[in-house]
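The values are calculated or read from the model by the stated rules, or taken from the named source; none is laboratory data. Not measured: the values here are computed from a predicted model. Methodologically, a virtual Cβ is constructed for each residue, glycine included, from the backbone with ideal geometry; neighbour enumeration extends over all protein chains shown. Note: accessible area is taken over every heavy atom of the protein model, side chains too, but ligands, DNA and RNA are not part of it. Shrake-Rupley method; radii C 1.70, N 1.55, O 1.52, S 1.80 Å.
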Amino acid sequence: MPGYIPSQVIRDEKRYHVIATVLLVFAGVVAYSNSFSGPFVFDDVEAIVENPTIRELGDIGAVFSPPFDAGQTVGGRPVLNLTFALNYAFGDLNTTGYHVVNLAIHLLAGLALFGLVRRALGLAGSPTSAVEMFGVFRYIQGTEASLIAAVIAGLWLLHPLQTESVTYIVQRAESLMGLLYLFTLYSFVRGTERGRSSGPWLAASLVTCLIGMGSKEVMVSAPLMVLLIDAVLVTGGGLGGIGAALKSRPKYYGAMFATWLLLGALILSTRNRGGSMGYGIEVTLGQYLLTQGPAIAHYLRLVFWPAPLIFDYGAAWISNPMAAAPAALLVIGLGVATLTAWFRAPILALPGTWFFAILAPTSLVPANRQTITEHRMYLALAPVLIVVVLGAWRLIRTRADRGRLLAAAGGVLAVVCVVLTLRRNEVYQSDLVLWTDTVAKRPGNSHGHNNLGRALVARGDAAGALSRFEEAVRLDPTMPDAQTNLGTALMNVGDLARARQHYEEAVRLLPDWPVALANLGRLHLRMGEIAEGIARYEQAVAIDPGFATAHYNLANVLRETGRVDEAVRRYRDALAADPLYEDALFNLVATLDVAGRTPEGIADIRTALAAGLESGEIENLLGILLAQQGDIRGARDSFARALELQPNLPGARENLERAEAMLGGR
């Protein structure tokens with residue numbers, strides 16, 4: 001009977017699926033078992049730690065309006081921001097939860113790839129599929145398709161090249177997009193299988209594609225890949241089948257391509273992603289494209305020899321076209337081969353097209369200062385492994401032990417990948433280790449030296465930090481961040497003259513950068529140039545009214561110069577920018593108290609407490625002020641709350657006992 005599949009074969013396939021799923025999940029957990037304690041590093045800080053829009057999960061408007069002004073990774077990616085808000089709601093800033101979610105996303109993506117490849121192989125061997133790749137699909141049977149898919153998915157899951165997208169928390173942007181992209185394709189393939197109700201699965205592919213557009217811009221190619229899979233594997237005929245595919249599902253494709261509207265709106269809403277697209281790089285499109293041939297060739301090399309893996313490659317531009325020629329010829333050759341395959345072997349063209357479609361958004365548009373980033377290969381690794389594993393299968397297809405041979409080879413490679421991934425995860429255990437590793441492998445990366453300097457500052461190594469900032473400026477004198485960091489390091493060791501040179505250079509390079517202006521203002525004050533210092537701080541807060549620290553420092557100098565009313569206003573500006581700014585509140589209240597305006601200070605404290613400030617010292621201060629105003633009962637309550645928050649707070653218990661004694665005597 002045509003199309004009849006014995007029940008025993010079905011049971012065997014299901015058993016293979018269960019075993020493969022368990023092994024994939026187990027191996028993935030082992031490979032990333034040492035990643036859960038890693039701290040927030042680099043862009044994690046701006047995108048998560050300092051991101052106010054993830055603090056209240058119930059404020060959906062804020063959650064779906066992530067910050068983008070400084071080019072944060074969450075900018076224009078509301079779905080990504082939502083996942084961080086969920087993490088924050090259930091675990092605050094405990095990084096373990098963030099790592100667990102990252103790994104869960106990665107494991108689900110691996111299972112989606114397993115299902116996609118296994119079912120696509122079944123479609124490829126069907127009479128309606130376009131042209132078989134080297135005739136290989138004639139030899140793939142049910143359980144063998146599961147084995148091939150499991151090897152591909154396993155190597156993809158465990159490959160050390162994936163660590164940046166899994167262990168580096170903020171690069172959930174890449175893995176989340178990868179999961180939604182893969183599930184979009186998987187759901188479509190399931191929705192086209194015979195004997196199944198297509199509606200729910202096709203609807204699922206539309207929903208995941210739409211959600212993916214809100215995760216990362218690389219999702220842009222998903223609708224096109226769905227159409228090409230349809231034309232090659234379902235409708236048949238390769239490029240000639242595109243028209244038939246569109247006609248067979250017009251409403252579906254209309255909705256699928258409409259998801260681009262959401263992506264376009266999100267991109268426009270970020271206004272060039274806060275300047276991160278091309279931010280800090282003076283390079284033409286031609287120069288950028290010239291670097292991408294070597295970048296793609298490098299990615300391909302890392303697939304087969306994943307060393308060295310580097311967290312931050314920096315901005316390395318190729319000025320001599322001849323230097324880029326060999327890699328460019330390789331990439332062009334692969335592109336020509338992919339294009340040719342559409343006319344001779346469309347099924348071979350699918351993975352090649354998928355590879356270039358994934359890399360195109362970042363390879364064709366200058367996205368940021370980095371010309372090479374390993375997380376770009378997260379999803380692009382899949383089509384490469386598909387071609388490699390299927391090519392290997394073709395070589396052994398006539399052997400009776402081909403299944404055992406492929407399983408053994410896949411198992412050995414999987415073990416190697418697990419070991420390498422575990423070792424790579426260790427680099428993410430601290431920012432100091434991460435940047436030390438980066439600088440060791442990329443000594444010409446000025447950004448690496450600059451960030452290593454910051455890590456050393458955090459650990460109190462002023463001398464080590466100073467040398468790193470000096471090296472960063474030597475390598476790239478046009479980097480404002482390095483200039484101002486070097487200025488701060490020099491000021492801290494008392495070399496004010498040199499500090500001034502570097503602060504002023506930072507301001508010259510980036511005149512509208514509030515941080516550089518505020519730092520220069522601080523130096524002016526240190527040198528006794530009060531008027532100049534105030535002017536610089538005023539410039540900084542005029543540019544960024546939300547710069548709470550600048551408001552606070554400006555208020556301090558205004559108070560010291562006797563300009564009390566202006567100081568009070570600036571302290572309140574600092575609190576408006578950051579309602580939980582305890583130092584600003586303390587100084588504001590002290591200033592008002594000295595000026596005989598104690599009731600105003602009490603009102604300011606109550607405003608801050610209502611906004612969520614929890615501080616034993618502030619509660620104790622409130623009690624003292626209330627006692628001065630004669631409100632002993634209110635003072636007693638404040639002292640009691642102070643002790644609840646800080647049981648060992650000096651003076652609070654004595655204050656409480658005095659208040660109770662006064663009340664008892666009445």
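Over region 296-403, accessible surface divided per residue gives 42 Å², non-protein components excluded, 1.4 Å probe.
The alpha carbon gyration tensor of region 461-545 gives principal lengths a ≥ b ≥ c with a/c of 1.5 or higher and a/b no greater than b/c, which makes the shape oblate. Considering only Val439, Val507, Ala463, and ranking their Cα positions along the charge dipole of region 400-514 that arises from unit charges at the beta-carbon of Lys, Arg, Asp and Glu, the one farthest toward the positive end is Val439. Under the convention that each Lys and Arg Cβ holds +1 and each Asp and Glu Cβ holds -1, the size of the dipole of the chain around its Cα centre is about 3260 debye.
Counting only the Cα atoms, region 177-228 fills a convex hull of 55 Å³ per residue. Shown in residue order for region 535-547 are the 3J(HN,Hα) couplings computed by the Karplus curve 6.51 cos²θ - 1.76 cosθ + 1.60 at θ = phi - 60°: 4, 5, 5, 5, 4, 4, 6, 5, 6, 10, x, x, 7 Hz (x for Gly and Pro).
Once you sort the root eigenvalues of the Cα gyration tensor of region 339-478 as a ≥ b ≥ c, which label holds: rounded (a/c under 1.5), prolate (a/b larger than b/c) or oblate (the other case)? Oblate, since a/c reaches 1.5 and b/c is not below a/b. Which distance in Å, rounded to a whole number, links the C-alpha centroids of region 560-595 and region 297-312? Between the Cα centre of region 560-595 and that of region 297-312, the gap is 53 Å.
Apply the a/c threshold of 1.5 to the C-alpha gyration tensor of region 14-75 and tell me whether it is rounded, prolate or oblate. Prolate. In straight-distance terms, cross-link reach from Lys216 covers every one of the lysines whose alpha-carbon lies under 26 Å from its own, apart from those fewer than eight places away in the same chain; here that gives Lys251. In order along region 324-339, phi translates into HN-Hα couplings of 8, 4, x, 5, 4, 5, 4, 5, 4, x, 5, x, 5, 4, 5, 5 Hz, rounded to whole numbers, per the Karplus curve 6.51 cos²θ - 1.76 cosθ + 1.60 with θ = phi - 60° and x for Gly and Pro. Solvent exposure of region 509-666, expressed per residue, is 49 Å² of accessible area, with all protein chains present and a 1.4 angstrom probe.
Using a 7 Å offset from Cα along Cα-Cβ at Val493, what residues in region 448-474 end up with backbone N under 15 Å from the label point? Residues 453-454, 456-457, 460-474 qualify, since their backbone N sits under 15 Å from the label point.
Of the residues Gly240, Trp354, Gly521, the one whose Cα sits farthest towards the positive end of the charge dipole of the chain is Gly240 (charges of +1 on Lys and Arg Cβ, -1 on Asp and Glu Cβ, taken about the Cα centre). The long axis of helix 446-458 is offset from the longest Cα principal axis of the chain by roughly 50 degrees. Think of the chain as a dipole: +1 on every Lys or Arg Cβ, -1 on every Asp or Glu Cβ, centred on the Cα centre; then among Pro160, Pro223, Thr73, Pro223 lies furthest on the positive end. Please grab the % of Cα pairs in the chain that end up more than 31 Å from each other. Above the 31 Å cut-off, the chain has 61 percent of its Cα pairs.
Using the rule -39500 (n - 2.57) for each DSSP H run of four or more residues, divided by the residues of the chain, the 222 nm mean residue ellipticity is -22500 deg cm²/dmol.
Between the C-alpha center of region 496-559 and that of region 333-353 there is a gap of 57 Å.
Both radii are taken from the alpha-carbon atoms of region 139-239; with Rh as the Kirkwood radius, Rg/Rh is 1.01. The peptide list 213-224, 596-607, put in order of mean Cβ contacts within 10 Å with the highest first, becomes 213-224, 596-607.
Mean separation of Cα pairs under 8 Å and 6 or more residues apart, divided by the residue count, gives the chain a relative contact order of 11 percent. Basic side chains Lys and Arg get +1 at the Cβ, acidic Asp and Glu get -1 at the Cβ, and with that the dipole of region 565-643 about its Cα centre reaches some 260 debye. Charges were assigned to the Cβ only: +1 to each Lys and Arg, -1 to each Asp and Glu. The resulting dipole of region 495-537 about its Cα centre is roughly 100 debye. For the peptides 557-564, 113-120, the ranking by packing is 113-120, 557-564, with the highest mean count of neighbouring Cβ atoms within 10 Å listed first. Mind checking the angle between helix 582-594 and the chain's longest principal axis? C-alpha axes, 0 to 90 degrees, to the nearest 10. It works out to around 20 degrees.
Scoring 146-158, 619-631 by mean Cβ neighbours within 10 Å over their residues and listing the highest first yields 146-158, 619-631.
So what's the angle, to the nearest 10 degrees on a 0 to 90 scale, between helix 652-664 and the longest Cα principal axis of the chain? Helix 652-664 and the main axis of the chain meet at about 60 degrees. Here the chain has 62 percent of its accessible surface on carbon and sulfur atoms, given a 1.4 Å probe and all protein chains in place.
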